[in-house]
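Scroll down for the structure; my scribbles are underneath it.
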Amino acid sequence: DTGVSQDPRHKITKRGQNVTFRCDPISEHNRLYWYRQTLGQGPEFLTYFQNEAQLEKSRLLSDRFSAERPKGSFSTLEIQRTEQGDSAMYLCASSLGIEQSKPLSGANVLTFGAGSRLTVL
Amino acid sequence: GENVEQHPSTLSVQEGDSAVIKCTYSDSASNYFPWYKQELGKGPQLIIDIRSNVGEKKDQRIAVTLNKTAKHFSLHITETQPEDSAVYFCAASTKPSGNTPLVFGKGTRLSVIA
């Protein structure tokens, strides 16, 4: 297993276009997270999945954003009608859930991918 | 919700010196506190973490201390090396089981001068 993979690494688009990012987590991890990181800031939580269920969404995730994890493996994050303010690094992470992790100390330890950088012109 | 403050935002040290980065958190229910290192063009990488049932944890040149009463935790790097240069993030999780997503600080850019 090579860790968390994200594609594409870079995306430049024009305002108003739709973009989609893909994340392939570590295969045995049942949790998958999306974070957004802007320049000079820490990662900000967007949403997370346990298996195929989307369990939590941040208020940062406007109705132009949608995330899916249809088979509980890879996930996609789509941004519709992009705006310049959407320019950021979109980070994906995965982890074991507490039901998977023995001891508990292994749960919720996030492994991040390298990110997908979005530039909206 | 949880709020994590991190200081300083930038830190320069001479090679071989120690570096200390401090974080405070607001939610007393938080009990998982990881530290991540992010190098240019890469995602954050976990370097050490601590849970609220211990006050200190050490891994070679890196240590983390936690003061739950004061709601602050710190990262200590001893004998710094040029490869320690990166952005470091602290984070906190707001539920005992670690079931909620991490809230991150804004990061500290550490420069180790050879």
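Assorted remarks:
- Counted charge near B:Ala70, where neighbours are those whose Cβ lies closer than 15 Å (Asp, Glu -1; Lys, Arg +1): 0
- A:Phe74 - accessible surface, heavy atoms, 1.4 Å probe, Å² rounded to 10: 60
- The value given for chain B is a Kirkwood hydrodynamic radius of 14.1 Å, derived from the mean inverse Cα-Cα separation.
- Solvent exposure of chain A as accessible area per residue, Å², 1.4 Å probe: 50
- Chain B - accessible surface per residue (Å², probe 1.4 Å): 48
- Over 29 Å between alpha carbons, listed pairs A:Lys71/B:Lys37; A:Lys14/B:Lys42; B:Lys57/B:Lys106; A:Lys11/A:Lys57; B:Lys42/B:Lys68: A:Lys71/B:Lys37; B:Lys42/B:Lys68
- Here B:Lys42 and A:Leu121 are evaluated by their C-beta separation; at R0 = 22 Å the FRET efficiency comes out at 0.30.
- Solvent-accessible area, 1.4 Å probe, carbon plus sulfur percent, for the stretch A:1-73: 43
- Scanning chain A for GluC sites (Glu not before Pro) in DSSP loops with at most 13 neighbouring Cβ atoms within 10 Å leaves A:29-82 as the longest stretch between them.
- Three semi-axes describe the equivalent ellipsoid of chain A; taken as square roots of 5 times the Cα gyration tensor eigenvalues and ordered largest first, they are 25, 14, 13 Å.
- Note, ³J(HN,Hα) from phi for the stretch A:11-23, Karplus 6.51, -1.76, 1.60, rounded to Hz, x at Gly and Pro: 9, 10, 9, 8, 3, x, 7, 9, 9, 9, 10, 10, 10
- Computed from Cα atoms alone, the Kirkwood hydrodynamic radius reported for the protein assembly as shown is 18.2 Å.
- Of all accessible heavy-atom area on chain B, the percent that carbon and sulfur account for (1.4 Å): 47
The values are calculated or read from the model by the stated rules, or taken from the named source; none is laboratory data. As the structure is a prediction and not an experimental result, all values here were calculated from the model. When we count neighbours, we look across all protein chains shown, and the Cβ atoms used for this are built from the backbone with ideal geometry, even at glycine. Calculation scope for accessible area: heavy atoms of the full protein, side chains included, ligands and nucleic acids excluded. Shrake-Rupley method; radii C 1.70, N 1.55, O 1.52, S 1.80 Å.
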